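Enquirer: Have a look at the structure that comes next, please.
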Amino acid sequence: MKMAIVVRRDLDMRTGKIAGQVGHASVTGYRYATKDIATKWFNEGQKKIILKVANENELKEIAKIAIINDVQIWEIRDFGLTQLLPNTLTCISIGPDEDERIDKIIGELKLL
């Protein structure tokens, strides 16, 4: 079991901002997973992989692949209180789900 979090790199977010957005994605993915999946993922150590894409279009393409493969995704949008405009799509969480199902979606994406 693992969760993938995919972050846009075109926003020039500072390290702390990225960490916050990834945190939101992780909590949201866990919170809205089915009870069985959430429990299994949590008990197996909450494995996460953080990846990057160049822009919003690439992020949306990855989200579409996840939806086609029936894997939960959540979009994370910033409130716009600091570095970004309100409602800016910053990243997505994929899963948690079985490793093989996540790997099928994230393909050749690079680590952040």
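Here, each number is a calculation from the coordinates, and none is a lab measurement. Just so it is clear, the structure is predicted and the values come from calculations on it, not from any experiment. Counting neighbours? That spans all protein chains shown, and the Cβs are built from the backbone with ideal geometry, glycine included.
Enquirer: Given 37 °C and 0.692 mPa s, compute D for the chain with the Stokes-Einstein relation, Rh being the Kirkwood radius over Cα pairs; round to the nearest whole µm²/s. Don't jump to the answer; show the numbers that get you there.
Expert: On the way: Rh = 13.9 Å.
D = 237 µm²/s.
Enquirer: I've got another one for you. For the stretch 1-22 and the stretch 50-65, write down the distance between their C-alpha centroids in whole Å.
Expert: Centre-to-centre distance over Cα atoms comes out at 12 Å.
Enquirer: Could you work out the helix-only [θ] at 222 nm for the chain, with each DSSP H run of four or more residues adding -39,500 (n - 2.57) and the total divided by the number of residues, to the nearest 500 deg cm²/dmol?
Expert: Dividing the helical sum by the residues of the chain leaves -13500 deg cm²/dmol.
Enquirer: Mind checking which of L51, I73, L84 is farthest towards the positive end of the chain's charge dipole, using Cβ charges of +1 (Lys, Arg) and -1 (Asp, Glu) about the Cα centre?
Expert: L84
Enquirer: How would you rank 99-105, 30-36, highest first, on the average number of other Cβ atoms within 10 Å across their residues?
Expert: On the way: 99-105: 15.4, 30-36: 12.4.
Packing proxy ranking, top to bottom: 99-105, 30-36.
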